[in-house]
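Contents: one structure, followed by commentary.
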């Protein structure tokens, strides 16, 4: 139990630091931090899928888009308050995840990768379609109002959006952490390690896999919704195939089976392209590609895996008597 | 008779632990040598090690040349035909294609055509099934196909991994009868792995017995047949 | 009626391209059980090379042959450098490596050749409309050439010892080694051949869709759909699947979902195949190895 307790302690410290940053950062950095949390939650959705289920999604950007558009449509067209759109965004992306995942997940890991790849390429087209432009705003997209701090709190809008995102994000991490530790989590890991044996012990393979994929889609969808609230604008071209690939790279960098690693994945997605873009328009692609291949060959468990190993070693040094 | 194949201190295994713990043996030119032993003794491992299909160390000499570092396809080119366990049939391909693959390393078209005809002499059923998909053959026919395929390599040494496995007694007798003819007519040396010791000793002139990766008894087939351990544990009388 | 015939004939023309790329994917899948997500980008790179040669004054067919040969080399190199180390690694690793390769080639294309959309010359000209105006000269020539390429590939695999050895190496590598076949060389050849087929497809489609770094991304998607429809382990199925997807795409695009949603047709086909007949038309039932 010490492991769990120290993990919780570590998480609280990180959360407290992120919280404190709300009060010392300017609005530009607040926006960056907000997007860091957004991407971390999106990557978290992939960790649940890949790390705990052994499945690969190359189309997580599609769920991000669905969450974003659910929030944007409700806010821009129907004047919903931003916080009320989150459950709808979560449900919509979970539902699409379930529908896509159901046929693909009965088969091997590559089939989900292929299907989600197709989904990621197809989604921007659907968003642009004229027939739906009354709802989606077509190529132009939708613009929303900025969220205001409630109860006349003495906060700026940017501070409030960051705190709101951080709060929801924290909740999502807690949810994922709980999920992977409970009965379903054990079943999920059994599915990853020994799917045949798990099935023989009464775990419904397809059921667990499909539900996991729905949860994964939901988490990434919530991230999309949070990004809509932060950016106050959606357009089809923000959700192209490259977004899905970016999230996939974030997953690999953070570590496919590391929940804390998702935070590193988020930081990577938010900061690395900015740095690379300064070099050349083509640089992010090259950097991403090289990092992806490099991690696969040299550090397949990502930063999260490295961290876990360092932590274990540290604990062993601290308690040599055991 | 001179030794065609000689292994000295042969160690081999699949992961880090060794399955073979340094064994020495020879296969004589033109003879039939049987490799006996229980399940898990290391019989198939020995054949795979000879062919470079797994990690191995020690000395292996084939006709005077060292082959312990050569790749599988190189060893095959030097004249080793291997009928692996499970027969290694290309199930999706036709009988004809399976046989042509056996002759893949050869450039003498006329020789291959003549050898193909000789194989049909040994195994007439393969001719009947020539255009059929190999996956549709019976177990016995697949075993025959595997032997014919290995012989088309024109090997000096034929390695057979449990040729009787999973086959009806009548078919087994037929196959062993053909193997004896092949040894006599083609002058092909044979190293055969068998769980059915009595069957193997009928065919072989030399034999050795493996137990947990070590050779415990070796000698001529008739001597082995008299050996107490072999008789009690493997021949059952 | 003429309209429908027109849709079908241009569907066959684009189907020929999808069939080529599907075949390239399936060849590699059969031999390695990995999917080369970078197949499309490799073809795009080849097409840029061809355009560069043409602009440098090389005649079209000369550029075509040189590019196909160079692409063969590229395929062999990719197999040797990237594929071989991850051969037996989990699916995630190979997906990661090939997505990485996709990103790198895509970015390099833009870096070296520019991001602007370029027109590409067609070698097929005719003053007269063909078949009563049903098909353009390029469509007819492109389909014909692709069919010739696919037939040559089939003849190679069916009737030459090397083709037979490549099939044997894909079906049963350890047995192939026992026949004296150098399996890793066969894998390299397979990758080379797949890249060469992709290059030919890229050069043939570029005059229609124009050339830019993302030219093949949609085509790769249709090729996936074609491969799944035909059966991911059946080369013949992949070719048939590619043609069927081409025709379906055009008919759906013209009459049902509209041209804006054409890519969605690929997604629908993929999901429908997985739901109804996961093995595809000609594939064997999907087996999970324990």
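Read-outs throughout are calculated quantities, based only on the coordinates presented, and are distinct from any laboratory measurement. Here the structure is a predicted model, which means the values were calculated and not measured. Quick reminder, even Gly has a Cβ in these numbers, built from the backbone with ideal geometry, and neighbours come from all protein chains shown.
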Of B:196, B:183, B:39, the most mobile residue in a GNM of chain B (C-alpha springs, cutoff 10 Å) is B:39
Based on the Cβ-Cβ distance from residue A:79 to residue A:151, what FRET efficiency comes out when R0 is 22 Å, to the nearest 0.05? 0.60
Counting only helical runs of four or more DSSP H residues, what would the 222 nm mean residue ellipticity of chain C come to if each run contributes -39,500 (n - 2.57) and the total is spread over all its residues? -24000 deg cm²/dmol
Report the label-to-label distance for residue B:110 and residue A:8 in nanometres (one decimal), using points 7 Å from each Cα along the Cα→Cβ vector. 8.7 nm
Taking R0 as 41 Å, what FRET efficiency do you get between residue A:95 and residue C:151 from their Cβ-Cβ distance, rounded to the nearest 0.05? 0.35
Relative to the longest principal axis of the C-alpha atoms of chain B, give the angle of the C-alpha long axis of helix B:109-122, reported between 0 and 90° and rounded to the nearest 10°. 70 degrees
Take the alpha-carbon centre of the range B:192-215, take the same for the range C:33-63, and report the distance between them in whole Å. 59 Å
Going by a ≥ b ≥ c, the root eigenvalues of the Cα gyration tensor, does the protein assembly as shown fall in the rounded group (a/c under 1.5), the prolate group (a/b larger than b/c) or the oblate group? oblate
Please find the FRET efficiency linking residue A:186 to residue C:236, where r is the Cβ-Cβ separation and R0 is fixed at 60 Å, and quote it to the nearest 0.05. 0.85
With the label point 7 Å along the Cα-to-beta-carbon line of residue B:21 and a cut-off under 14 Å to each amide N, the hits in the range B:184-216 are B:210-216
Treat the count of other C-beta atoms within 10 Å as a stand-in for reagent exposure and order B:100, C:167 from fewest to most. B:100, C:167
Take every Cα pair under 8 Å in chain C that's 6+ residues apart, average their separations, divide by the length, and report that relative contact order as a whole percent. 36 percent
Output row, site residue B:173, 7 Å Cα→C-beta label point, backbone N cut-off 16 Å, window the range B:186-203, residues B:198-200, B:202-203
Folded to 0 to 90 degrees: helix C:217-230 orientation relative to chain C principal axis, Cα: 60 degrees
What is the average number of partner chain Cβ atoms found within 10 Å of a Cβ in A:241-252? 3
How well do other chains shield peptide A:118-124, expressed as the mean number of their Cβ atoms within 10 Å of each residue Cβ? 6
On full extension of the chain, what length is gained from residue C:251 through residue C:117, given 0.36 nm per residue of separation minus the C-alpha to C-alpha distance? 45.6 nm
In whole angstrom, the spacing between the Cα centers of the range B:5-32 and the range C:85-108 equals 40 Å
Report the gain in length on full extension from residue A:233 to residue A:297: 0.36 nm times residue separation, minus Cα-Cα distance, nm rounded to one decimal. 19.2 nm
Theoretical ellipticity at 222 nm over chain B - DSSP helices of four or more residues, -39500 (n - 2.57) apiece, nearest 500: -10000 deg cm²/dmol
Residue A:206 paired with residue C:125, simple spin-label distance in nm, labels 7 Å along Cα-to-beta-carbon: 5.8 nm
Distance in nm between residue B:128 and residue B:198 label points, each 7 Å along Cα→Cβ, equals 3.0 nm
Sequence-separation-based contact order of the range C:149-272, relative, with Cα cut under 8 Å and 6+ spacing, percent: 14 percent
